[in-house]
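Take a look at the structure below.
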Amino acid sequence: MSQSPAVPHPAPNGAAPTGDGTPSRRAPWPPDPFSYLDGRLCVGGLPLDEVVADTGTPAYVYDLDAVAAAYRRVAAAFEPLGARVLYAAKANSNLAVLATLAGLGSGFDVVSGGELVRVLRAGGDPEACVFAGVGKTTAELELAVGHGVTVHVESADELDALAEVAARLERPARFAVRVNPDVEVDTHVNIQTGHDEAKFGVPVAVAHELLARAARGELGGLIPVGVHVHVGSQLPDPDGVAAGARVGLEVLEAGRAAGLELDWLDVGGGLPVDYGGGTAIGPERFAAALATVVAGRDVRLAVEPGRALVARAGALVSKVLYRKHRSAGRMLVVDTGMHHLLRPALYQAVHRVRPLRAAPLAGPTEVVGPICESTDVLATEADLPDLAPGELVAFLDAGAYGMTMASNYNGQPRPAEIVVADGVARVARRRETWEELLASETATGASVAAIQGPAGPLGW
Ligand code: LLP
C-alpha cells in the first residue's frame, strides 16, 4: 500500500532511466499536474478545493496543459518515424479535451458514431480519423463514410456493409483491415485484445482473403489502404506492439504482392501509465521498438494512445459523507463510486486517494461509494488522515476511462467535468440533473413520434 510520509503527497515521479539510449533525466512520464502546495492539493497551481467550489462534488478535473504536454511528447517520440498520433477518444471524450488535442494536430481513433460526433463538434479533422469496433451499425458507417473517415473493418460482413454504404452514398470509402495477430500480452485479462479468441479483428487468413477480394476488384467504391492491429491496453513493454506490427506488416506486404497500393499500418494503443504514481515506460521506447519493425518498409505508421495522454491529467474529486468503523478497520463513505469510476470494480484497479488538505495519516482506510453493490469499493487500503464528513479527497490518475465509463446506475446523475488551463479553471460539463435522468421517458408509454428526441440528422 501507499508508502506515504506523514504529510501525504503524490509519489515523487522522479525521472527514470529509459534503457533505450535516450537521456535518463527525462521529465516524468506522463506529466503530473497534481501536487501539494502549502498543504493543499493543487492542479496546475490552483487549489483543488477552489476548483470544485462552484460545481461541488463529485467532479472530474482535467488539466489540459498536462494533456497537451503528454501529446507533444508522444508526437515528438514518433516524429522520426513519420507516424500519425490518433488519440483514442474512448479514454476521455470530453469536448474540451478533444478540442485541445485537435488544436495540436492530433487525429482520432473512434469506436462509435457518438464518439465521432464528439470529435467533429470539437473541431477534429474527420480525414484524420479512423473508426474501429466490431459492431458498427449502418447509420454509423454512413456517418463515417460521409465524412471521409477511414474505417477499420473487423469482419467480412462488415466489409460488405461498408461497400453497400459507399455505393449508396456514392462516396469512395477508405478502409483498413483490422487483423487479430494472435499475440498475447501480459496485461489484465479484460484488456487483452490481440489473442486469437478475442472478438476483435479478423484472423490473418481472413485478412488475406478480404484484401484478395479488393485486389480482384470485387469491392468497387472501396479504397483499401492497409492494416490495423491493437494488442491490448496498459502494456508492460513494447514487445506486444512490435509483434503485432510484424504480423500486420506481413498482411500488408501480401496485399501489396496481390497488386494493392497499401501503406497504412496502424499499430493501436496500449502505452501505459504507472498507477502507483511513478514514471512509466515512455513513448520513446515504443517508437524505438517499432522503428526496427518498419525500417525500410515504406509505410505510413499510426499509433492510438488513449490512457497515456489523459490518465494522469485527471482526478475525480469527491466528498466524504460518513465515517464507519467496523471490526475490519476504518471505512469512509464518499459521494462517488463505481458508477463514476468503474475501474476498481471491473479490473481491481488501484487509484491513489489523496486528501485535498494534507494532515497526519490515520492508517489504512477502505473507501466506498453509495451504490448497492459489494464491489462498490474505490480503495481497499488508502492511507488517509482521519477525515470528517464534508472533507474532500481526490482519486488520482482518473483522467482515462473514468467519465467515459460512468453510468446512471442506482439513479445517480453523472459528475461535472472541470478543465484547467493556463491557471484558469472552467466548467466543461455541468453535473447531470435528476430532471435529465427522467427526460427521455414517460410512465405511460407513447408512440415513437410522440416521444421523439432532438431532431434526427444533426447536419453532421
Ligand atoms: N486503439 C484501440 C483499437 C483500442 O481498443 C484501444 C483501447 C486503444 C486504442 C487505446 O488504448 P490505450 O492507449 O488507452 O491503452 N477500460 C479499460 C481500457 C480499455 C481499452 C479499450 N481499448 C481501462 O480502464 O483500463
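The values are calculated or read from the model by the stated rules, or taken from the named source; none is laboratory data. Bear in mind the structure is a predicted one, so any value in this text is a computation, not a measurement. Heads up, the Cβs are rebuilt from the backbone with ideal geometry, glycines too, and the neighbour counts pull from every protein chain shown.
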Residue satisfying all of: in the stretch 215-248; more than 30 Å from Asn190 (Cβ to Cβ) and of a type in the set (D, E, K, R); farthest from the ligand (Cβ to nearest atom) among these: Arg216
Which pairs have Cβ atoms under 8 Å, sit 6 or more apart or on different chains, and link a residue in the stretch 178-197 that is of a type in the set (Gly, Ala, Ser) to one that is more than 12 Å from the ligand (Cβ to nearest atom)? Gly194/Pro181; Gly194/Asp182; Gly194/Val183; Gly194/Glu184
Leading residue by the ranking (farthest from His208 (Cα to Cα)) among those in the stretch 151-173 that are touching a helix residue (DSSP H, G or I) at 6+ places or on another chain (Cβ under 8 Å) and touching a residue at least 60 places away in the same chain (Cβ under 8 Å): Leu162
Go through Ala198, Ala163, Ala173, Ala167 for me and flag whichever is among the small types (Gly, Ala, Ser) and more than 27 Å from Tyr87 (Cα to Cα). Ala167
For the stretch 72-91, name all the residues that are within 26 Å of Glu140 (Cβ to Cβ) and in a helix (DSSP H, G or I). Ala89, Lys90, Ala91
If only one of Val267, Val293, Val310 is of a type in the set (Val, Ile, Thr), more than 16 Å from the ligand (Cβ to nearest atom) and either surrounded by 16 or more Cβ atoms within 10 Å (Cβ to Cβ) or outside the structural domain of Val177 (by TED's automatic domain parsing) (or both), which one is it? Val293
Pairs, please: C-beta under 8 Å, at least 6 apart or cross-chain, first residue farther than 11 Å from Val310 by Cα and assigned by TED's automatic domain parsing to the domain that holds Ala358 and in the stretch 391-402, second among the small types (Gly, Ala, Ser) and part of a loop (DSSP other than H, G, I, E, B)? Leu396/Gly277
Taking the stretch 251-269 as the region of interest, how many residues are part of a loop (DSSP other than H, G, I, E, B) and under 32 Å from the mean Cα position of the chain (by Cα)? 6
For the stretch 22-81, which positions are of a type in the set (Ser, Thr, Tyr) and at pLDDT 95 or above? Ser35, Tyr36, Thr55, Thr57, Tyr60, Tyr62, Tyr71
Go through the stretch 230-239 and give me each residue that's crowded, with 24+ Cβ neighbours inside 10 Å and farther than 20 Å from Ala75 by Cα. Val231, Gly232
Residue that is touching a Phe, Trp or Tyr at 6+ places or on another chain (Cβ under 8 Å) and not polar (S, T, N, Q), where the choices are Pro385, Pro364, Pro389, Pro360: Pro389
Answer yes or no as to whether Gly124 is closer than 23 Å to Ile223 by Cα, free of Cβ contacts under 8 Å to residues at least 12 places away in the same chain and assigned by TED's automatic domain parsing to the domain that holds Gly217. no
